[in-house]
Structures are given as C-alpha cells and as structure tokens.
Ligand SMILES: [Zn+2]
C-alpha cells in the first residue's frame, strides 16, 4: 500500500467516506490508498465500495444543504462504516491499526441552523 509517508508503507489506517475517493486512507499523511492494494477480501472491498458510493446521500449538492432525514441517513452511513471498519481490522490483523472517521456534515449543518 503506497501513501505519502516517508517509509512509504503505513500500518495506521482509517476508513472515511468522501466523494470520488477510495474508502481507506493512511491515518498519518491522510493519503488516499488504492483499495486494490489493501490486503482484504474481495467481498469486503465490494462492501466498502458500495458504502462509499452512498456517501453524501444526505446532501443536496445543488442547494448545498442537507435533505429531509439527512441526519438519520448520515448516522446510518456512519454505523455501517463503523461495522466495516471492524471487519477491515479483523481481516488485516496486527500490526495494523484501523480506525473510523465518521462524517459530521449533516450534524454540523443542523447545528448551524
Ligand atoms: Zn501515509
């Protein structure tokens, strides 16, 4: 797995959703990792791809605001992401450390209102 870290190999990963990105990142340099290079099962890769494809379904991109039920949608997406993160950690095992970085867009938006 390549990222921007000096040693070119990371053991600290995070799962985070973003538009047009791969779901796994280096937790040190924030480099987006090629999901193909991550040593996890094809089934889990496909689950992660589906998960990230749904990222932002709580956002109305045209109006730049959240949709009705946006907070609920974001919470569900975060719960799913958390479960997937556990699976990634399980498959990769020690010495990897995989954490989850939840989306806070809808919550922040609601608080600003
Ligand atoms: Zn890195």
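Tabulated results
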read-out	value
Volume of the Cα convex hull of the stretch 11-67, divided per residue and given in Å³	86 Å³
Between 0 and 90°, nearest 10: helix 70-92 axis offset from the chain longest Cα axis	10 degrees
For peptides 2-8, 33-39, 20-26, sequence by mean Cβ density within 10 Å, most packed first	20-26, 33-39, 2-8
For the chain, share of DSSP beta bridges that run antiparallel, in % to the nearest 5	55 percent
Taking the C-alpha atoms of the stretch 33-108, convex hull volume expressed per residue in Å³	98 Å³
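Since every read-out is calculated from the coordinates, none of them should be taken as a lab result. Because the structure is predicted, anything quoted here is derived from the model rather than measured. All Cβ positions, glycine included, derive from the backbone under ideal geometry; neighbour counts span all protein chains shown.
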